[in-house]
Every structure is written in C-alpha cells, then in structure tokens.
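Q: Sharing a structure, written as structure tokens. Questions coming.
None of the figures in this text is laboratory data; all of them are computed from the coordinates on show. Note that the coordinates shown come from a computational prediction; the quantities given were computed from them, not determined experimentally. No Cβ is skipped: glycine too gets one built from the backbone with ideal geometry, and neighbour counts run over all protein chains shown.
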Amino acid sequence: MTEALALVVGYVIGSIDFAVLAARLKGVDIYSEGSGNPGASNVSRVIGRGAGALVLVGDLLKGVAAAAFGEFVGGSELLGLAAGGLAVAGHCFPVWHRFRGGKGVATTVGVLLWIIPWLGLGLAVMWAAIIAATRVSSFGSLTIVTLAIPGVWLWAEEARSAVVMAAISLLVVARHKDNIRRMLGTGEHSL
C-alpha cells in the first residue's frame, strides 16, 4: 500500500506544470508559442531567461520531492527512483493539462540529484556545458539521459535500479522524437 501511495504521489507531483503556470502569469499560452512545448527551454525562448530558470528549478525540485517521498515512504532507493520516474511521467503526461506535458529532462535530473547526488550534479553540469557549447538544449538532454543509465547501473544500491532508469530515459528520448528528426534533418531549434 505504501509503495502504491509513493507512486501516485510521485505522478501527482510531476503533473504540476511550472511552464504552464509561468506562462499563464504572463498571459501566454505556452502550447501555442515557440516550440509549443511546456518546458523550461520554451519558456526561456518565449517569456525570458529568468522565467525559464524558475521553471527549470521548479521542474528539478519536482523530481527531488518525488524521489525523496518514495524513498522515505518505501525505505529504498529503488522505490525513490520509481516514484521519481512516475514524476517524470506526470511531467510528460499531466492529468491537469489533458496529458500534454514537457519532455521530463529537468525532472529526471532532479530525481538523480536525490538518488545519487554526485551523479545528478555531474550530469546537470554536463547538460549545461553541452547547451552552452552547442546552443541546442535537446542535444544536451539526450546525452545526459543516455549516460544516466550506466551511471545508475554502476553506482545505485541495487542493479535493478538501472532498469527503472532505462525506462525513464526511454520515455525522455521518446518525448524528443521531433527534436531527433530535426537534428537529423533540417536542424534543431537553438536557445
């Protein structure tokens, strides 16, 4: 019962969409502006970097909160990672916004910051460095979620945590399908 509670709470936390909230405060429909994606990168492009940074922090904290709740309630890193994974799913498919959400990268990093803090921090720094060097957020995002899988496999308390991380990463990669097409074709949006 406590495991199910942790997973449901993780999903509900993840469903809070800070990009939509920030955009509404500015009178903007984030779904119809810029890339149409309700995430920190699009908020940065459409509203400004300050608002984008706040959305990024909110999305990171969703991952931290869900993973922490799962670990405290269930008593295991694995349940923390699973609850965090449901927060990523909630971010991508929020019930409050007709299941139209973001791509889950910042929330994934937040989960990792709780589960394996130094790995989460290292991937966050790598993400920022790749974005600074390329100006392409999706390239940094896809790189770090891919590297998270072997990182979790090597340093998590349980090897099966890597399976949960792989599922999270696959979801994030799937949410980037249009970005991948653009990177392979005409070129991706830059920041």
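Q: Round to a whole angstrom and tell me the spacing of the C-alpha centers of region 156-187 and region 29-100.
A: Between the Cα centres of region 156-187 and region 29-100 lies a distance of 15 Å.
Q: Give the cross-link partners of Lys26 among the aspartates and glutamates, using a straight C-alpha distance below 17 Å as the criterion and excluding same-chain residues fewer than 8 apart.
A: Answer for Lys26, where 17 Å is the Cα cut-off: Asp17, listed by chain and number.
Q: Here's a follow-up. Tell me the mean residue ellipticity at 222 nm calculated for the chain from its helices only (DSSP H runs of n ≥ 4, each -39500 (n - 2.57), averaged over every residue, nearest 500).
A: -24000 deg cm²/dmol
Q: Sticking with this structure for a sec: Please get the size of the charge dipole for the chain, origin at its Cα centre, with Cβ charges of +1 on Lys and Arg and -1 on Asp and Glu, quoted in debye to the nearest 20.
A: Dipole of the chain, to the nearest 20 debye: 700 debye.
Q: Over region 2-184, calculate the relative contact order: mean separation of alpha carbon pairs under 8 Å at least 6 apart, over the residue count, as a percent.
A: Value for region 2-184: 21 percent.
Q: Would you work out if region 2-184 is rounded, prolate or oblate? Take a ≥ b ≥ c from the square roots of the eigenvalues of the alpha-carbon gyration tensor; rounded if a/c is under 1.5, else prolate when a/b is larger than b/c, oblate otherwise.
A: Taking the square roots of the gyration eigenvalues as a ≥ b ≥ c, region 2-184 is oblate.
Q: Further question: Would you kindly derive the ³J(HN,Hα) couplings of region 94-107 from the backbone phi angles with the Karplus curve 6.51 cos²θ - 1.76 cosθ + 1.60 (θ = phi - 60°), listing them in order in whole Hz, with x for Gly and Pro?
A: Ordered by residue, 3J(HN,Hα) equals x, 4, 6, 10, 6, 6, 9, x, x, 9, x, 5, 4, 5 Hz.
Q: OK, next. List residues of region 35-57, by number, whose backbone nitrogen lies under 11 Å from a label position 7 Å along Cα→C-beta of Arg182.
A: Backbone N within reach: 35-37, 42.
Q: What lysines sit close enough to Lys177 to cross-link, taking a C-alpha to C-alpha distance under 28 Å and skipping anything fewer than 8 places away on the same chain?
A: Lys62, Lys103
Q: Taking amide H atoms as placed 1.01 Å from N in the peptide plane, list the residues 5 or more away in sequence, or in a different chain, whose amide H sits under 5 Å from that of Val28.
A: none
Q: Still on this structure: Enumerate the calculated ³J(HN,Hα) couplings along region 140-154 in order (Karplus 6.51 cos²θ - 1.76 cosθ + 1.60, θ = phi - 60°), each rounded to whole Hz, writing x wherever the residue is Gly or Pro.
A: x, 4, 5, 5, 6, 5, 6, 6, 5, 4, x, x, 5, 4, 6
Q: Tell me the label-point distance for the pair Ala159, Trp118, using the 7 Å Cα-to-Cβ offset, in nm and rounded to one decimal.
A: 2.3
Q: First measure r as the distance between the Cβ atoms of Ala167 and Leu25, then evaluate 1/(1 + (r/R0)^6) with R0 = 45 Å and state the FRET efficiency to the nearest 0.05.
A: Approximately 0.85, to the nearest 0.05.
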